[in-house]
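The values are calculated or read from the model by the stated rules, or taken from the named source; none is laboratory data. Since the structure is predicted, the reported quantities are computational estimates derived from the model, not experimental observations. All Cβ positions, glycine included, derive from the backbone under ideal geometry; neighbour counts span all protein chains shown.
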Amino acid sequence: MSNLSYHCKWRIELAKQICEKVKIIEGVKAIVIGGSVARGYADEYSDLEIPIFWDKLPNENTRKLIVKELNAEYFYPYNYESNEDNVVVNEFRIDLWHLTVENEEDTIKGVLVDLKTDFGYSNAMDTIRTCIPLFGEEIVYFWKDRAKGYLKELTIKNIKESLQSIDSTQAELYIQRQNSTLIYEHIANLQKNIFLILLALNKLYFPTFKWMYKSLETFKIKPENIEQRFRDIFTYPPKEAYENTLVIIMETLDIINEVYPELNASVVLSKLKSDRIPHDNPVNIWV
């Protein structure tokens, strides 16, 4: 805690004040700090994310009572269906997430037992791993202990799904037609898939793409200096940017083949080549 930045520290103190007002409400079972503050990434632009776990979801009156007790105003119009209240206190944004203990238990089971891989489930696991408990510590630390798990089967499933999403058969066409918008968008999507593969290789859950660079810096298994290479790619001309991305993809495939040879990651190579053949002369179907 002593190594936290100034921006993290005062946000944690604010969260503790909020906790004191919220924890006494009937039905509250646990309160944690999530987001950039919990990860130690907060800067002057960071808001404060506070997931609140209930025995059952609070009604409209309870949620509005919390906002009143915090002397807050709604940043977005109140929306009961969202189970999230975005509020402002002295121009500072606070996100209150309303969740149930039962739902969190189902989420953990969904990942560890049913091997669910969608971003919502994976991000919930990442939040539990990184969150700072403020109230209901026994429950939260029980979840944290379970969230340490990351089965080999889940790793392989995540890698397979990301490999299936890698397809560059149109990339050369974008370059030849000088469509910089689409080629850089394509490169960004390739980077996201590489990131997801590396998350799985490092047995880490999804922190959202917002924290991609911060996360890459901490990975033990990765192509060398990948975080800086990812950044630099967008300073290159389209063709050079794409070629550098292919190099990183090949390095990532080599890592997969070394760690999980049974996956045969090289099958993705066929999807990295253009399937469009240029034709300068007319084509006659009779010849």
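Scanning the range 18-48 for residues that are more than 22 Å from residue 103 (Cβ to Cβ) and among the β-branched types (Val, Ile, Thr) gives 24, 37. Residue-level check: of (1) in contact with a strand residue (DSSP E or B) (Cβ under 6 Å, 6 or more places away or on another chain); (2) modelled with pLDDT under 95; (3) hydroxyl-bearing (Ser, Thr, Tyr), residue 78 misses just (1). Within the range 154-168, being in contact (Cβ under 8 Å) with a residue 40 or more places away in the chain and either assigned to a helix (DSSP H, G or I) or crowded, with 20+ Cβ neighbours inside 10 Å (or both) holds for 154, 155, 156, 157, 158, 159, 160, 161, 163, 168.
Rundown of residues vs (1) more than 26 Å from residue 128 (Cβ to Cβ); (2) in a helix (DSSP H, G or I); (3) of a type in the set (A, V, I, L, M, F, W, C), yes/no style:
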residue	(1), (2), (3)
188	yes, yes, yes
195	no, yes, yes
207	no, no, no
216	no, yes, yes
222	no, no, no
236	yes, no, no
239	yes, yes, no
244	yes, yes, no
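Of all residues in the range 248-268, none satisfies being modelled with pLDDT of 95 or more, among the β-branched types (Val, Ile, Thr), out of contact with any strand residue (DSSP E or B) (no Cβ under 7 Å at 6 or more places or on another chain) and not in a helix (DSSP H, G or I). Looking at the range 131-138, can you tell me whether even one residue there is in a helix (DSSP H, G or I), in contact with a Leu (Cβ under 9 Å, 6 or more places away or on another chain) and over 29 Å from residue 241 (Cβ atoms)? Within the range 131-138, not a single residue is in a helix (DSSP H, G or I), in contact with a Leu (Cβ under 9 Å, 6 or more places away or on another chain) and over 29 Å from residue 241 (Cβ atoms). Residue under question is residue 51, and the condition is that it be outside the structural domain of residue 161 (by TED's automatic domain parsing), at pLDDT below 95 and out of contact with any Pro (no Cβ under 8 Å at 6 or more places or on another chain); does it hold? No: the conditions fail for residue 51. Selection of the range 108-123 for residues being farther than 21 Å from residue 212 by Cβ and in a helix (DSSP H, G or I) yields 108, 109, 110, 112.
When you scan the range 133-142, do you find a residue that is surrounded by fewer than 16 Cβ atoms within 10 Å (Cβ to Cβ) and aliphatic (A, V, I, L, M), even just one?
No, that holds for no residue.
In summary, residue 87 fulfils each of the numbered conditions (1) among the β-branched types (Val, Ile, Thr); (2) assigned to a strand (DSSP E or B); (3) in contact (Cβ under 8 Å) with a residue 24 or more places away in the chain with the single exception of condition (3).
In summary, residue 90 fulfils each of the numbered conditions (1) of a type outside the set (D, E, K, R); (2) within 22 Å of residue 37 (Cα to Cα); (3) touching a helix residue (DSSP H, G or I) at 6+ places or on another chain (Cβ under 7 Å); (4) exposed (fewer than 15 other Cβ atoms within 10 Å of the Cβ) with the single exception of condition (3). Residues that are within 16 Å of residue 176 (Cα to Cα), in contact (Cβ under 8 Å) with a residue 40 or more places away in the chain and not hydrophobic (A, V, I, L, M, F, W, C) within the range 235-277 comprise 238, 239, 242, 273, 274, 275, 276, listed in sequence order.
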